[in-house]
Amino acid sequence: RPGSTEAPAVAAQPIGSTKGFQTLLMSTEDNITTIRLNRPEKKNAITVEMYNELIEALDHAGKDDSVITVITGSGDYYCSGNDLNNFRKIPEGGVEKMAKDSGELLKRYVKAYIDFPKPLIGVINGPAVGVSVTLLGLFDVVYATERATFHTPFSQLGQSPEGCSSYLFPKIMGAAKASEMLLFNKKLTAAQACEVGLVTEVFPESSFQAEVWTRLRAYAKLPRNLIRGVEKEKLHAINDAEVERLMERWLSDECMQAIVSFFQAKSKL
Ligand code: COA
């Protein structure tokens, strides 16, 4: 950028053609395809529509000319995980049908990450919750602002881990640290997540966007490469098993009660 020493945060992000999604912004520039979760007023909670759009966006990104793909969030949160309203829309077939449909969608969603054919980079612009954290084990590089936190409150919600985290988290951080997160809901700071290897590097909030995008533009000039692909079969089997378990958890009293409590607490405000 001629004539400037440091790019302003917003201009530092790639701006390019945007595909028409309701819940995402997608653009490609400088060999980087960026998928931006775009429900900032709901902390980027993932609705059924958003899961489907993300699957479609990843499919496009995997096939386009870009060298790397980035996922990031709009607003102050990276993502608050599964939109808990997804559990309130009970279809005609009852809660069993709801669990089956949600399970199939989640399985397809995680599959899109396991099979993603290019380097996938997480630009974690704020707190991350639930499935947005567990999936990070399937990313190639994860950059976080110091403001980010990493929280997987599954047992608190009567649920169980997904995104291949039951296998990848112990592998990345060791069994004991993974258990604290996945079984006992321990929320990690960005620095702690970096220490255990879930996050690659943490940046000060003030320079996060400028530093990260400068670095990514340099990476995207490198020849295309990929180190993913190992263990794919195993990861698919783990995804299947995690989803089976979750479908059972979604029908449990503990899970239903936790969802009711979330919405009751909201309505009391
Ligand atoms: N599902 C549904 N709605 C969500 C959501 C989620 N996962 N996360 C945030 N929202 C909604 C809030 O209900 C609120 O909606 P409203 O404006 O209509 O009241 C809006 O997003 C803003 O969130 P709010 O709770 O006001 O912000 P906060 O900063 O006080 O708290 C969270 C943010 C993420 C800590 C809190 O919203 C939360 O705990 N969400 C649930 C996270 C969760 O359990 N995810 C599933 C993990 S398995």
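Would you please name the residue that is nearest to the ligand (Cβ to nearest atom), looking only at residues in the range 54-65 that are closer than 20 Å to I124 by Cβ and out of contact with any helix residue (DSSP H, G or I) (no Cβ under 8 Å at 6 or more places or on another chain)? Selected residue: A57. Looking at V202, V243, which one is within 16 Å of the ligand (Cβ to nearest atom), among the hydrophobic types (A, V, I, L, M, F, W, C) and under 18 Å from the mean Cα position of the chain (by Cα)? That would be V243, the only listed residue that is within 16 Å of the ligand (Cβ to nearest atom), among the hydrophobic types (A, V, I, L, M, F, W, C) and under 18 Å from the mean Cα position of the chain (by Cα). Taking each residue of the range 20-48 that is in contact (Cβ under 8 Å) with a residue 60 or more places away in the chain and looking for partners that are outside any loop (DSSP other than H, G, I, E, B) and of a type in the set (K, R) with beta-carbon atoms closer than 6 Å, six or more apart or interchain, yields D30/R217.
Scanning the range 117-135 for residues that are within 15 Å of the ligand (Cβ to nearest atom) and farther than 26 Å from S252 by Cβ gives I124, N125, G126, P127. Against the test of being β-branched (V, I, T), over 27 Å from S66 (Cα atoms) and free of Cβ contacts under 8 Å to residues at least 60 places away in the same chain, the options V260, V243, V230 yield a single qualifying residue, V260.
Here W213 meets each of (1) buried (at least 17 other Cβ atoms within 10 Å of the Cβ); (2) within 25 Å of K171 (Cβ to Cβ) with one exception, condition (2). In the range 74-87, the residues that are farther than 14 Å from A99 by Cα and modelled with pLDDT under 95 never reach a residue that is part of a helix (DSSP H, G or I) and within 8 Å of the ligand (Cβ to nearest atom) with C-beta atoms less than 9 angstrom apart, at least six apart or across chains. Of the residues making up the range 146-162, those that are more than 10 Å from the ligand (Cβ to nearest atom) and crowded, with 23+ Cβ neighbours inside 10 Å number 2. When E195, E180 are screened for being of a type in the set (D, E) and either surrounded by 21 or more Cβ atoms within 10 Å (Cβ to Cβ) or farther than 29 Å from L251 by Cα (or both), only E195 passes. Checked against the criterion of being aromatic (F, W, Y), surrounded by 20 or more Cβ atoms within 10 Å (Cβ to Cβ) and within 18 Å of T145 (Cβ to Cβ), the range 50-58 has no qualifying residue.
Of all residues in the range 173-214, count the ones that are basic (K, R) and either in contact with a helix residue (DSSP H, G or I) (Cβ under 7 Å, 6 or more places away or on another chain) or touching a residue at least 24 places away in the same chain (Cβ under 8 Å) (or both).
Total meeting the criteria: 2.
Taken over the range 59-76, residues that are surrounded by fewer than 22 Cβ atoms within 10 Å (Cβ to Cβ) and closer than 24 Å to F150 by Cα amount to 3. Across the range 69-97, which residue is nearest to the chain's Cα centre (by Cα) among those that are within 16 Å of the ligand (Cβ to nearest atom) and not in a loop (DSSP other than H, G, I, E, B)? The extreme case among them is C79. Counting residues in the range 224-232 that are closer than 23 Å to S160 by Cβ and either surrounded by 15 or more Cβ atoms within 10 Å (Cβ to Cβ) or more than 14 Å from the ligand (Cβ to nearest atom) (or both) gives one or more.
The values are calculated or read from the model by the stated rules, or taken from the named source; none is laboratory data. Remember, it's a predicted structure, so these values are computed and weren't measured experimentally. Glycine gets a Cβ as well: all are built from the backbone with ideal geometry, and neighbour counts include every protein chain shown.
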